[in-house]
Amino acid sequence: MQTFARVPSRIVLIAGHPNGGWSSADEGTPGSFELEFRFEITDDGNRNFLLVYSSVDGRYSADTWHETLEDAYAAAAEEFGIDESEWMK
């Protein structure tokens, strides 16, 4: 897989458990906590893109599929507040 961009380290507020479902969280969400994540935008092998994210400790990970690179950047901004200028390209 080709990597188009990455953010090697970013603190993210999340809620949930690694094996029981988790998501990004807003301040004040009960049970939420901060955790260091890394993010990558890769190809999916079929001309589309994946936003791949995992905690540095390896306990939390997920990905989302996107039709365009711009859609992947927009999803990272909406879900995690990552500005396009933060990506290492």
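Among Leu13, Leu51, what is the fewest-to-most ranking by other Cβ atoms within 10 Å? Present the calculation step by step, with values, prior to reporting the outcome.
Working: Leu13 16, Leu51 23.
Arranged by neighbour count, lowest to highest, Leu13, Leu51 become Leu13, Leu51.
With a sphere of radius 9 Å drawn around the Cβ of Arg10, what net charge do the other residues whose Cβ falls strictly inside it have (Lys, Arg +1; Asp, Glu -1)?
On the way: positive: Arg38; negative: Glu36, Glu86.
Result for the neighbourhood of Arg10: -1.
With contacts defined as alpha carbon pairs under 8 Å and 6 or more residues apart, what's the relative contact order of the chain in percent?
Contact order relative to length: 27 percent.
Expressed in nm², what is the orientationally averaged projection area of the convex hull enclosing the Cα positions of the range 1-48?
Values: hull surface 18.0 nm².
If I average the Cα hull's projected area over directions, I get 4.5 nm².
Compare the peptides 15-23, 2-10, 74-82, 35-43 by average per-residue count of other Cβ atoms within 10 angstrom and give them in order, highest first. Numbers along the way, then the final one.
Working: 15-23: 11.8, 2-10: 14.2, 74-82: 15.9, 35-43: 18.2.
For the peptides 15-23, 2-10, 74-82, 35-43, the packing ranking is 35-43, 74-82, 2-10, 15-23.
With a/c under 1.5 counting as rounded, go ahead and sort the range 38-81 into rounded, prolate or oblate using the C-alpha gyration tensor (a ≥ b ≥ c being the square roots of the eigenvalues; past the cut-off, prolate if a/b is larger than b/c, else oblate).
Details: a/c = 2.87, a/b = 1.44, b/c = 2.00.
Judged from the Cα gyration tensor, the range 38-81 comes out oblate (a/c at least 1.5, b/c at or above a/b).
For Asp71 and Leu35 in the same chain, what is the full-extension length gain: residue separation times 0.36 nm, less their Cα-Cα distance, in nm? Working shown, then result.
Numbers: separation 36, 0.36 × 36 = 12.96 nm, distance 2.44 nm.
Full-extension gain reported as 10.5 nm.
Using R₀ = 35 Å, calculate the FRET efficiency as 1/(1 + (r/R₀)^6) where r is the Cβ-Cβ separation of Arg47 and His17; round to 0.05. Could the numbers behind the result be given before it?
Details: r = 35 Å, r/R0 = 0.99.
Calculated value: 0.50.
Bear in mind that the values in this text are calculations on the coordinates, not laboratory data. Predicted model only: the values in this text are computed from it and were never measured. Here the Cβ is made from the backbone with ideal geometry for all residues, glycine too, and neighbour counts use every protein chain on show.
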